[in-house]
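The values are calculated or read from the model by the stated rules, or taken from the named source; none is laboratory data. Quantities reported herein were computed from a predicted structural model and do not represent experimental measurements. Note: ideal-geometry Cβ built from the backbone for every residue, glycine included; neighbour counts use all protein chains shown. What goes into the accessible areas is simple: the full protein's heavy atoms, side chains included, and nothing from ligands, DNA or RNA. Shrake-Rupley method; radii C 1.70, N 1.55, O 1.52, S 1.80 Å.
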Amino acid sequence: MVTTSRPLWENHSPAHICPFDQACSYLEWAGKELKLDPGLLEILSHPRKVVTVSIPVKMDNGEVRVLAGHRVQHSDILGPYKGGIRYHPAVTLREVSALAMLMTWKCALLGIPYGGAKGGIPIDPKQYSVSELERISRRYISELIKDIGPSVDIPAPDMGTSAREMAWMMDTYSVNVGHAVPGVVTGKPLSVGGSLGREMATGRGVMIIVREALADQGKSLADVKIAIQGFGNVGGAAAELLYQAGAKIIAVSSGAGGVYAETGLDIPALKAYAAQNRRSVVGFPQAIPISNADLLILPCDVLIPAALENQITEENVHQIQAQMIAEAANGPVTLEANRVLEASGVTVLPDILANAGGVVVSYLEWVQGLSYLFWDEERVNREMEHLMVNAYRHVIQQAQTRRVNLRLAAYTLGVGRVAQALTDRGLYP
Ligand code: NAD
């Protein structure tokens with residue numbers, strides 16, 4: 001048991017489950033399995049740097065608002081900090097801190113030379129105009145200018161942000177330092193040094209991990225019915241690629257609700273519908289309406305939560321009918337729910353593996369940018385597939401060797417690699 005004081009960590013999380021405490025529980029769990037030195041665990045349970053900035057923004061009507069912007073840098077033991085920037089009303093410092101820690105283990109698990117970070121602004125981007133969002137994004141990044149950079153900390157998109165925000169952030173950083181610095185963010189538009197394949201990367205990674213896990217059970221994607229919560233960057237891409245691979249996507253949801261079709265949804269038609277309806281699937285004519293809560297407990301083979309944390313908890317876990325859950329979102333299954341699922345034989349593909357496709361292609365984008373050499377999409381997808389399948393195989397092997405579930409196997413690999421590097425580097429001074 002690690003005893004730790006976290007003076008900065010007052011719980012401002014609206015959820016009853018504190019995401020940072022949950023992230024620390026995972027770390028302690030892995031540390032116990034690895035028999036890590038308590039001092040080492042103590043270091044890893046604290047982020048290296050926590051920054052909160054004020055973002056004064058002039059609204060289109062002339063009113064001035066001041067928003068909070070967070071950036072948490074958990075660890076740079078293995079390389080520059082890396083992690084997305086989230087715009088969502090539920091963003092808290094504790095949530096961002098938890099996600100930063102998760103990024104550290106994810107990069108280590110995938111074998112890419114990054115540490116973990118995360119950023120966020122507690123806003124609903126749908127309530128702001130494009131020009132207001134541009135001013136918010138530019139001021140946020142200019143406040144963080146000394147804390148980021150291509151060899152320091154490299155942001156990327158997350159919930160509520162996309163290539164558009166990355167282009168504004170890259171431009172703001174570049175104008176401030178006096179020359180173009182494409183490597184300061186990833187997930188950029190192609191026109192400013194983005195990578196082919198980045199847009200679909202997280203969803204593609206989810207598809208690859210589900211495909212591999214099904215293959216280990218003697219099944220193929222064409223054999224299964226899938227329900228997906230969330231139809232954004234990740235859920236939308238996963239739905240499209242799984243549909244193309246022959247899977248039957250029976251339900252999909254967005255924030256205001258979902259749609260269900262027992263015989264399978266026409267995903268290209270749903271995508272076109274959502275594009276016309278502010279990314280919402282509600283009202284799609286060729287399907288039955290379904291709530292987000294009911295989607296999670298549908299009878300299906302594979303459930304893919306691709307929206308928010310803490311969606312499968314002690315409250316609904318006993319109603320889950322899927323035999324496989326792929327955590328496309330970060331932290332959608334709580335530790336307690338994971339234990340119940342494990343006991344009933346449900347395969348849970350953990351987030352740090354299942355949704356790592358995005359950071360893998362971010363890494364490939366960064367490598368291409370630094371070498372001024374750009375690859376075709378086929379090469380990007382091939383390199384990504386190699387890293388994802390490799391990580392999946394390592395997790396399976398670790399689970400078998402240590403006789404642990406896939407989450408603990410993934411965490412012990414990620415945490416173990418960072419702990420080893422920290423031991424080898426030593427503690428300064
Ligand atoms: P996004 O904003 O593009 O999409 C989120 C989706 O979730 C939308 O369809 C939205 O309508 C839906 N949603 C919002 N609130 C909901 C609610 N209460 N119930 C059900 N659905 C709701 O975000 P994204 O980039 O797709 O990220 C989704 C998750 O995946 C997040 O947990 C994020 O951290 C994680 N993730 C994203 C990436 C990436 O590359 N974008 C990479 C790794 C992990």
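Report the equivalent ellipsoid semi-axes for region 304-387 in whole Å, largest first, defined as the square roots of five times the eigenvalues of the gyration tensor built from alpha carbon atoms.
Semi-axes, largest first: 34, 12, 9 Å.
Would you check the chain for Lys pairs whose C-alpha atoms are within less than 15 Å, ignoring same-chain pairs closer than 8 in sequence, and give me the count?
Number of lysine pairs found: 9.
If each of residue 162 and residue 343 carries a label point 7 Å out from its Cα toward its Cβ, how far apart are those two points in nm?
4.3
For residue 294 paired with residue 367, estimate the spin-label separation in nm (one decimal), with each label point 7 Å from Cα along the Cα-to-Cβ line.
Computed distance between label sites residue 294 and residue 367 equals 4.6 nm.
Sorting check: for 286-297, 69-80, which peptide has the highest mean count of neighbouring beta carbons within 10 Å, and how do the rest follow?
Highest mean packing first, the order is 69-80, 286-297.
Using only Cα atoms, locate the centre of region 50-94 and the centre of region 140-212, then give the distance between them in Å, rounded to an integer.
Using only Cα atoms to place each centre, the spacing works out to 15 Å.
For region 385-429, run through the trypsin sites (Lys or Arg not before Pro) and keep only the ones in DSSP coil with at most 16 other Cβ atoms within 10 Å of their Cβ. If you can, show how the numbers build up before the last one.
Working: sites: 393, 402, 403, 407, 417, 425; in loops: 403.
Answer by residue number: 403.
Along the principal axes of its C-alpha atoms, what lengths does region 44-181 span, in descending order and rounded to whole Å?
Each principal axis gives a Cα extent; for region 44-181 these are 47, 35, 22 Å.
Mean projection of the alpha-carbon convex hull of the chain over all orientations, in nm²?
It is 20.5 nm².
As an exercise, take the mean of 1/r over every pair of distinct alpha carbons in region 71-137, invert it, and state the Kirkwood radius in angstroms. Numbers along the way, then the final one.
Working: mean 1/r = 0.0804 Å⁻¹.
Result for region 71-137 stands at 12.4 Å.
By how many nm would the segment from residue 378 to residue 402 grow when fully extended, if each residue of separation counts as 0.36 nm and the alpha-carbon distance is taken off?
Answer, rounded to one decimal: 5.1 nm.
How would 384, 200 line up by accessible area, probe 1.4 Å, largest first?
Greatest to least solvent exposure: 200, 384.
Taking N as the number of residues in region 200-354, what value does Rg over Cα atoms divided by 2.2 N^0.38 Å take?
The reported ratio for this selection is 0.93.
Can you compute the charge dipole magnitude of the chain about its Cα centre, using +1 on each Lys and Arg Cβ and -1 on each Asp and Glu Cβ, nothing else charged? Give it in debye, rounded to the nearest 20.
Here the chain has a charge dipole of around 540 debye.
Roughly how many debye, to the nearest 20, is the charge dipole of region 200-354 about its Cα centre, given +1 on each Lys and Arg Cβ, -1 on each Asp and Glu Cβ, and no other charges?
For region 200-354, the charge dipole is close to 520 debye.
Ignoring ligands, DNA and RNA, how do 199, 314 rank by accessible area with a 1.4 Å probe, largest first? Walk me through the numbers before you get to the answer.
Working: 199 160, 314 120 Å².
Accessible-area ranking of 199, 314, largest first: 199, 314.
Between residue 59 and residue 275, what FRET efficiency follows from the Cβ-Cβ distance if R0 is 30 Å, with the result rounded to 0.05?
Efficiency at R0 = 30 Å is approximately 0.65.
Just how large is the dipole of region 44-181 about the Cα centre, in debye to the nearest 20, putting +1 at every Lys and Arg Cβ and -1 at every Asp and Glu Cβ?
240
Which order do peptides 186-193, 56-63, 373-380 fall in by mean Cβ count within 10 Å, highest first?
186-193, 373-380, 56-63
Considering only DSSP beta bridges whose two residues both sit in region 171-286, what percent are antiparallel, to the nearest 5?
Approximately 45 percent, going by the DSSP bridge assignments.
In Å and whole numbers, how far do the C-alpha atoms of region 289-429 stretch along each principal axis, longest first?
Rounded to whole Å, the extents work out to 49, 40, 29 Å.
If I ignore ligands, DNA and RNA and count only protein heavy atoms, how much of residue 263 is accessible to a 1.4 Å probe, in Å² to the nearest 10?
Taking all protein chains as shown, residue 263 has close to 120 Å².
Quick one: which residues, 5+ away or cross-chain, put their amide H under 5 Å from the amide H of residue 312? H built at 1.01 Å from N.
Counting only residues 5 or more places away or on other chains, the set is 333, 334.
With a point put 7 Å past each Cα toward its Cβ, work out how far residue 423 is from residue 124 in nm, to one decimal.
For residue 423 paired with residue 124, the spin-label model returns 4.9 nm.
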